[in-house]
Amino acid sequence: MRPDSAGNTFVVVTRWFRVQQVARLVERQGSRGSIIVASSRTEPVMAGEYLWCHTEEIQRCTIVRVVGVLGQATYSTLRDTLLKCVIEQPRALIADVADVRIATATVLSVFTAVRIRTSDWPSIPILVATGPHHAELFGQSPIRRYVGLYDSVATALTNVHQPPPGKRAFCALPHDPGSPRAARQFVRRTCFEWELPGTLTEDAVHVASEFVQNTMSHTVSEARLRLELRNDRLTVAVGDDNAAPAVIRDPGSNVRNAAAGILLIAQMAKSWGCVTDEINSQKTVWAVLRSP
């Protein structure tokens, strides 16, 4: 199964997963949130070796309720699901793992990996509701330095602090040779309205132009341009419908999807990165610029 027109429910499953199990999950889910189901291997597996992530929104926070087995084989499923949720920029992300069977303590690093990859942008709080059975295991793990640990989703929600006020602007640009120019005009206009200094404005214009040009050159997708101003940091992000990550081009490399301007962006930005969503074949490239 794949996303419907509203993007409400999708199931990713191998042929070894029992159809009856999927049907029961979809029936239980109804029309709320999303379902992601993945078996942990591409070979016949024992009953119950799967990972199920149900997402819903409560108080503008995304709750990811995880059921099944979290092990080496299902690590990437949970990681990609959490990254997909984070780039939607909810107030906070809360992972409910109370009903998960944890195969080994090493897979808890999935939460550290997601936090580090998104610490500069979108930089939203990531909290984990461990439940009573996993409280001790999580409490002894190094991940406690990176994410908030709470006994339940309700407790986690009460500990989500309101983020500092910020400004956001969005612009969807068609797959057209004129889109990089339109991106530059949009960024200049937005930065003028936000009364940002000239140096920061020109850096943002350059970053947006390069990101959008990368989308035009290496995909057939539209470019979804976002600007976010929080404190003294301006984030420029561009999403498209191609999961191939943007990379820095080595002069001696023949990597096809390497972006010509990414190296310069990496030098001028405080930080930059690329978050991929393999499930929906999308990516978001972002750069954080600091006001001089």
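The values are calculated or read from the model by the stated rules, or taken from the named source; none is laboratory data. These figures come from a predicted structure and were not determined experimentally. Surface accessibility is based on the protein's heavy atoms, side chains included, excluding ligands, DNA and RNA. Shrake-Rupley method; radii C 1.70, N 1.55, O 1.52, S 1.80 Å.
What the table below lists for this structure:
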| read-out | value |
| --- | --- |
| Per-residue HN-Hα couplings for region 184-196 [Karplus 6.51, -1.76, 1.60; θ = phi - 60°; Hz; x = Gly/Pro] | 4, 5, 4, 5, 4, 5, 5, 5, 5, 5, 8, 6, 8 |
| Region 51-110, accessible area per residue, ligands and nucleic acids excluded (1.4 Å, Å²) | 34 Å² |
| 3J(HN,Hα) from dihedral phi, region 280-292, Karplus parametrisation 6.51/-1.76/1.60, rounded to Hz, x for glycine, proline | 9, 6, 9, 8, 10, 9, 9, 9, 9, 10, 9, 5, x |
| Diffusion coefficient, µm² s⁻¹, Stokes-Einstein with Kirkwood Rh over alpha-carbon pairs of region 69-132 at 25 °C and 0.890 mPa s | 203 µm²/s |
| Karplus-derived HN-Hα couplings along region 204-217 (A = 6.51, B = -1.76, C = 1.60, θ = phi - 60°), whole Hz, x at Gly and Pro | 5, 4, 5, 4, 4, 4, 5, 4, 5, 4, 4, 5, 5, 7 |
| Area of THR235 that stays accessible when all protein chains are in place (1.4 Å probe, Å², to 10) | 10 Å² |
| Solvent-accessible area per residue for region 184-252 (1.4 angstrom probe, square angstrom) | 46 Å² |
| Candidate residues HIS133, HIS175: accessible-area rank, largest first, probe 1.4 Å | HIS133, HIS175 |
